[in-house]
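Asks: Sharing a structure, written as structure tokens. Questions coming.
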Amino acid sequence: MSVVNFVGARERCNSSNLIKRFGEALKRSELRDMFSPGELIAVKFEVGERENLNHIRPLLVKAVVDAVYSLGGQPLLVDTLSMGSKASEVGSRWLEAAALHGFDVTSLGRKPMLADGYTGEEDLLIPLEGEELGGVEVARAVAESQALIVISHVTAHPFAGLSGALVSCGVGCSSSKGKERIHAPLRPIFIEDRCDGCGQCVIHCPHGAVQVEGGWPRLEEKACRGCAYYCTASCPTGAVVVDRDSARRFQKRTVDAAWAVDIALQGKVFYVNILMDVSPYPDCYPLSDVPFISDQGILMSFDPVALDFASIQLIDEAFGIRGSIAEECEALSPSEEKLFKITGMKPQDMLLYAERMGLGSADFETCWM
């Protein structure tokens, strides 16, 4: 049975300060057994899109950095390029987002870097035998580190159901080419009877894959990179969608990619899931929307499957916030399948596939710290 450590979000007095309790929990956790003094430890977090307001908080990343230092490791703060970067923007878009969101030397003590390079092309192809992928391009700085800590801002995810440890590891630690492999099945479908011809999908596609003919959008298949976050999010009438079978393939490819990262790091991966500002969309989205449950706390484990199952459990047991997507989707009460009601996808399917591939276990116990 896997162990998931939990630090609750409530702060009742000075001695229950969340940052202090989180730092102490990291030092007491199994993290200390993962690396030796002096080893290079990649700390992966997501800077987030420029317009996304619910990104991870720099203080929480700094707590992980401080814990690595205290245990004798040398932290390397890394992120990777998102699929929304146009060729003319590449790394400059990430640098701007990092500055706007407060991820710099002053706040973190170390300067973050792009693990796949300024153009997203620095990677190592890791072969594997997944049901969807036979290999994944892992960001080079991640693959060449002695160990890895994956910090995830837990949110709902329109195609995976949950954005947590597996998505942050699999998708987040892949290079631009790796991300294209993972997202390849996600081709937008245009529903004509919902479309009002506004052209927002054309404007917001970062790769010019959507064109308008006769007043209706049309997909240029060769130009599409599968980054369906941008066209689907741009449509005010819900006329741009991705079919469920394609989303299920994306779930499996995400797991295959997380497996590739685990292979590259020889299993030396520790996961931190932050359940604060839990919103409908992941940090790579160009919008965030309001959180749909209250802040729950921070979960930690070596087992990404157990960790994501524990995150789902906390989300399901929480009351939804009125005025959020939880009310819109009739998911205000504590109940199972809150994420399915919000996204139309079951993240449990992705986690059970990960368990079958040997990445973790659905059987876990939660330890309060």
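The values are calculated or read from the model by the stated rules, or taken from the named source; none is laboratory data. Just so it is clear, the model here is predicted, and its values are computed rather than measured. Neighbour counts are summed over all protein chains in view; Cβ atoms, including those assigned to glycine, are modelled from backbone coordinates with ideal geometry. Calculation scope for accessible area: heavy atoms of the full protein, side chains included, ligands and nucleic acids excluded. Shrake-Rupley method; radii C 1.70, N 1.55, O 1.52, S 1.80 Å.
Asks: Going highest first, how would you order 316-322, 134-140 by mean Cβ packing within 10 Å?
Replies: 134-140, 316-322
Asks: Tally Lys and Arg at +1 and Asp and Glu at -1 over the other residues with C-beta under 12 Å from the C-beta of residue 99: what net charge comes out?
Replies: +1
Asks: Could you give the accessible area per residue of the stretch 212-313, probe 1.4 Å, as a whole number in Å²?
Replies: Per-residue value: 33 Å².
Asks: What lysines sit close enough to residue 111 to cross-link, taking a C-alpha to C-alpha distance under 28 Å and skipping anything fewer than 8 places away on the same chain?
Replies: Cross-link targets: 20, 27, 44, 62, 86, 177, 179, 268.
Asks: Same structure again: What is the angle, in °, between the Cα long axis of helix 304-317 and the longest principal axis of the Cα atoms in the chain? Nearest 10 is fine, range 0 to 90.
Replies: The answer is roughly 70 degrees.
Asks: Would you calculate the separation in nanometres between label points at residue 213 and residue 17, each defined as 7 Å from the Cα along the Cα-to-beta-carbon direction?
Replies: Output for this residue pair reads 6.2 nm.
Asks: Checking the a/c ratio against 1.5 first, then a/b against b/c, what shape does the Cα gyration tensor give for the stretch 39-144?
Replies: oblate
Asks: Give the carbon-plus-sulfur fraction of the accessible surface of the chain in %, rounded to a whole number; probe 1.4 Å, heavy atoms of protein chains only.
Replies: 50
Asks: Could you grab the relative contact order for the chain? Cα pairs under 8 Å, six or more apart, rounded to a whole percent.
Replies: 22
Asks: Counting only DSSP beta bridges with both residues in the chain, tell me the antiparallel percent, nearest 5.
Replies: 55
Asks: Could I ask something else about it? If packing is taken as the mean number of other Cβ atoms within 10 Å per residue, what is the order of 175-186, 325-336, highest first?
Replies: Order by mean packing, descending: 175-186, 325-336.
Asks: What number comes out for the charge environment of residue 122, summing +1 per Lys or Arg and -1 per Asp or Glu over other residues with Cβ under 12 Å away?
Replies: -3
Asks: Another question, if that's okay. Which aspartates and glutamates have a Cα lying under 18 Å from the Cα of residue 222, excluding residues fewer than 8 positions away in the same chain?
Replies: 180, 213
Asks: A further question on this structure: How much net charge surrounds residue 1 when only other residues with a Cβ under 12 Å from its Cβ are counted (Lys, Arg +1; Asp, Glu -1)?
Replies: -3
Asks: Can I ask one more? Compute the distance in nm between two label points, each set 7 Å from the Cα along the Cα-to-Cβ direction, one at residue 187 and one at residue 30.
Replies: So the two model labels end up 4.2 nm from each other.
Asks: What ranking do 303-310, 352-359 get when scored by the average of other Cβ atoms within 10 Å per residue, highest first?
Replies: Highest-to-lowest ranking by the protection proxy: 303-310, 352-359.
Asks: Moving to a separate point now. Between residue 96 and residue 221, what is the label-to-label distance in nm when each label sits 7 Å out along the Cα-to-Cβ direction?
Replies: Each label point is offset 7 Å from its Cα along the Cβ direction, giving 3.4 nm.
Asks: Let me ask you something else. Quick check: residue separation of residue 322 and residue 365 times 0.36 nm, minus the Cα distance between them. What number comes out in nm?
Replies: 12.4 nm
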